[in-house]
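Written out below as structure tokens is the structure these notes cover.
The values are calculated or read from the model by the stated rules, or taken from the named source; none is laboratory data. Since the model is a prediction, treat every value here as computed from it, not as a measurement. All Cβ positions, even for glycine, are placed from backbone atoms using ideal geometry, and neighbour counts span all protein chains on display.
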Amino acid sequence: MSLLEKIYDLSPEQSQILHTEVLGEQLIEVREFQNYRWLQIGGDSIQGLMDVNSPEQILLPNIQALLVTLLFCPKPLRVLNLGFGCGSIERFFIAQYPELEITSLESSAEVIRLAKDYFFFRNEKSIIYSSAEEYLSNKNKVYDIVLCDIFEGEEHPACLYDPAFYANIANHLDESGVLAINLLPESEDDVLIIFSAMKNHFNHISLLEVPNHFNAIIFASNHKLPNTIELETAAHDLFKAKGLDLKALPQRLNRLMEIMQG
């Protein structure tokens with residue numbers, strides 16, 4: 001049983017409630033069990049999970065899968081993270097890539113406050129309080145990696161179905177830059193609709209289904225992505241250097257553009 005399955009299997013009285021509030025119609029809770037602390041918003045799914053003894057670790061499988069971008073771009077200098085959440089990605093990069101410049105967006109002031117109060121993120125001034133669409137429409141900075149992990153409750157926001165959103169992201173990527181989007185698709189058709197919205201703005205698109213989860217990650221770039229053997233080598237190098245284990249994931253990549261064009 002995975003760590004996440006163990007947490008989901010807990011009865012309510014087994015975990016401690018550190019914080020609870022109702023925002024609109026959504027219940028927000030921060031809970032803790034042993035050395036693990038997590039955030040739940042408007043449902044059962046966990047938005048952020050942290051080991052209080054090792055807060056820089058990436059524990060959620062979907063966040064680990066987003067960081068497969070580090071196999072495509074092993075030495076990033078600038079990262080844009082659309083969807084700060086509890087700051088899991090930020091804590092990892094601050095610990096493992098201190099030279100990296102990361103720009104983090106979060107559209108919920110409450111989530112930013114909870115990250116500061118409960119998830120060991122002290123530099124809240126480095127978080128931009130903005131929607132992804134607004135930031136991308138009004139800035140012209142270029143990034144090596146763009147990570148997109150934005151939801152409205154447990155639903156995809158409308159921007160993920162809008163071709164203009166992907167045109168803006170493409171304009172913010174370096175010529176060899178990579179986009180990664182965390183999806184919770186309702187069906188294969190849902191993925192195909194999103195793919196159709198983005199395909200005219202990227203030359204290479206791949207899909208990774210997160211093992212034992214409903215999440216899927218789409219990777220997109222205008223630079224040819226490494227082949228499976230190159231990705232496996234990069235995964236071993238990353239694990240050795242940073243302790244992030246992505247070695248099982250390269251074999252699961254499906255290259256959508258090649259499939260669709262074939």
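Of the residues that sit in the stretch 7-24 and are exposed (fewer than 14 other Cβ atoms within 10 Å of the Cβ) and among the aliphatic types (A, V, I, L, M), which one is nearest to Gly153 (Cα to Cα)?
Taking the candidates together, the pick is Leu23.
Restricting attention to strands (runs of 3 or more DSSP E) lying wholly within the stretch 100-160, give those where 2 or more residues are in contact with a Lys or Arg (Cβ under 8 Å, 6 or more places away or on another chain), surrounded by 14 or more Cβ atoms within 10 Å (Cβ to Cβ) and of a type outside the set (Val, Ile, Thr).
Ranges flagged: 143-148.
Run Glu110 past the list (1) charged (D, E, K, R); (2) under 19 Å from Asn62 (Cβ atoms); (3) touching a residue at least 60 places away in the same chain (Cβ under 8 Å) and report the number of the one that doesn't hold.
Answer for Glu110: the failing condition is (2).
Within the set of pairs 6+ apart or on separate chains, which have a first residue in the stretch 201-217 that is under 18 Å from Phe151 (Cβ atoms) and among the charged types (D, E, K, R), a second that is modelled with pLDDT under 95 and part of a loop (DSSP other than H, G, I, E, B), and C-beta atoms under 6 Å apart?
Every condition considered, no pair remains.
Return the residues of the stretch 165-187 that are farther than 25 Å from Pro226 by Cα and surrounded by fewer than 13 Cβ atoms within 10 Å (Cβ to Cβ); say none if nothing qualifies.
Glu186, Ser187
Filter the stretch 85-119 for residues that are under 16 Å from Leu66 (Cα atoms) and acidic (Asp, Glu) and give the result.
If the condition is that a residue be under 16 Å from Leu66 (Cα atoms) and acidic (Asp, Glu), then Glu90 is the only one that fits.
Of the residues in the stretch 47-57, how many are of a type in the set (A, V, I, L, M) and out of contact with any Lys or Arg (no Cβ under 9 Å at 6 or more places or on another chain)?
0
Could you check how many residues of the stretch 140-173 are touching a Pro at 6+ places or on another chain (Cβ under 7 Å), β-branched (Val, Ile, Thr) and over 20 Å from Gly42 (Cα atoms)?
Residues in the stretch 140-173 being touching a Pro at 6+ places or on another chain (Cβ under 7 Å), β-branched (Val, Ile, Thr) and over 20 Å from Gly42 (Cα atoms): 1 in total.
Please give the strands (runs of 3 or more DSSP E) falling wholly within the stretch 161-259 in which 3 or more residues are within 18 Å of the chain's Cα centre (by Cα) and farther than 20 Å from Lys75 by Cβ.
The strands (runs of 3 or more DSSP E) meeting that bar are 173-183, 204-209, 216-221.
If you go through the stretch 15-22 one residue at a time, do you hit one that is at pLDDT below 95, in a helix (DSSP H, G or I) and farther than 30 Å from Lys240 by Cβ?
No: the stretch 15-22 contains no residue that is at pLDDT below 95, in a helix (DSSP H, G or I) and farther than 30 Å from Lys240 by Cβ.
So if I check each of Leu39, Leu27, Leu80, Leu4, which one is closer than 22 Å to Tyr129 by Cα, among the hydrophobic types (A, V, I, L, M, F, W, C) and surrounded by fewer than 21 Cβ atoms within 10 Å (Cβ to Cβ)?
Leu27
For residues that are within 21 Å of the chain's Cα centre (by Cα) and in contact (Cβ under 8 Å) with a residue 24 or more places away in the chain, tally how many sit in the stretch 6-44.
Matching residues across the stretch 6-44 total 12.
Which pairs turn up if I take residues in the stretch 230-255 that are surrounded by 17 or more Cβ atoms within 10 Å (Cβ to Cβ) and look for partners that are among the β-branched types (Val, Ile, Thr) with beta carbon separation below 6 Å, at least 6 apart in sequence or on another chain?
Once the first residue is surrounded by 17 or more Cβ atoms within 10 Å (Cβ to Cβ) and sits in the stretch 230-255, its partners that are among the β-branched types (Val, Ile, Thr) give Leu246/Val68; Leu249/Val68; Pro250/Thr228.
Do we find a residue being within 24 Å of Phe92 (Cα to Cα) and among the hydroxyl-bearing types (Ser, Thr, Tyr) anywhere in the stretch 185-204?
To start, the set of residues in the stretch 185-204 that are within 24 Å of Phe92 (Cα to Cα) comprises none.
No, every residue in the stretch 185-204 fails to be within 24 Å of Phe92 (Cα to Cα) and among the hydroxyl-bearing types (Ser, Thr, Tyr).
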